[in-house]
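The values are calculated or read from the model by the stated rules, or taken from the named source; none is laboratory data. As the structure is a computational prediction, the values presented were derived from the model and not from experiment. With ideal geometry, Cβ positions are generated from the backbone for all residues, glycine too; neighbour counts draw on all protein chains shown.
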Amino acid sequence: MTAAAQATLSPFCEERGEAANFGYSPSGFCPDMPNFILPKELLLMRMSLPAISILCCALLLGSLPASAAKRYISDELAVPLRRGPSTGHRILHAGLPSGMELEVLGEDSAAGFTQVRTPNGTEGWVPTQYLTAQPIARDRLAAANRRIESLEAQLKSVRDSYKDASGARNEMASRTADLDKQVDRLQSELAEVRSVSAAAIAHFEENKQLKSSNESLRAKVMALNAQVEQLERNTLLRWLLAGGALVLIGLLLGAWLKSRPRRSQWA
């Protein structure tokens, strides 16, 4: 039995003349009086203790949140810029945002402050513990994200190029297959043409030879014709010369006859 229950039941047992030495017994909470009947209030309290315990547990469970909400510490930090290397100096800037690039001018290791210059030219002191040699994780993450986006874009471009190249390769393979089929068909047709036109080719060669002979004979005929024409011209020229000679002889003979003295017929 708990101490609180003993303290609650003690006055009732003392009123009955019992000591407050409690222990559990089947007959009640006062072991020295086995036939003692507890008062009505104690009986009600004893009967309602489990119900009260259950009610308290239910109230406690009901007061707890269904699911604990999570929160995180913000990485946004504003560092005050002071005139000197201590927290007692006047603040020149209410708060430099985290990630701002600063130019280091000097450092007071003992005070834990560093003299810096902001991008707009303001000079002051900030606690050294807030300075890092590299950009903050947020900026590096943003740069990494930009790098990832660039790489993803490059990867997409490479994939698109690969798809285009694959499509072109497939198209070239298809065209090559078609060309191979056309070559096979043309070779088959060529073989058929060769087998069919072998005699025609022989006739063609013979015709070429005959044509060449014909040209040669034609040239000879033309040369002979030229010779005949030349002979004809020579013959005509001879006849003309002969005719001219005869005319000339006739003229000379006539002139001679005229120049002779005439004789008398009676002489």
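Yes or no, residue by residue, for (1) loosely packed, with under 10 Cβ neighbours inside 10 Å; (2) in the same structural domain as residue 87 (by TED's automatic domain parsing); (3) closer than 18 Å to residue 77 by Cα; (4) in contact with a Cys (Cβ under 8 Å, 6 or more places away or on another chain):
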residue	(1), (2), (3), (4)
107	no, yes, no, no
114	no, yes, yes, no
120	yes, yes, no, no
141	no, no, yes, no
146	no, no, no, no
157	no, no, no, no
182	no, no, no, no
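For residues that are in a helix (DSSP H, G or I) and modelled with pLDDT under 90, scanning just region 112-143, find the one that is nearest to residue 102 (Cα to Cα).
We begin by selecting, within region 112-143, every residue in a helix (DSSP H, G or I); these are 128-130, 137-143.
Those still in the list that are modelled with pLDDT under 90 too: 130, 137-143.
On the way: 130: 12, 137: 16, 138: 17, 139: 15, 140: 17, 141: 20, 142: 19, 143: 19 Å.
It comes out as 130.
Residue 121 meets the conditions (1) at positive phi; (2) in contact with a Gly (Cβ under 8 Å, 6 or more places away or on another chain) in every case but one. The failed one is (2). Residue check: is residue 60 at pLDDT below 65, farther than 25 Å from residue 140 by Cβ and of a type in the set (A, V, I, L, M, F, W, C)? So residue 60 passes the test.
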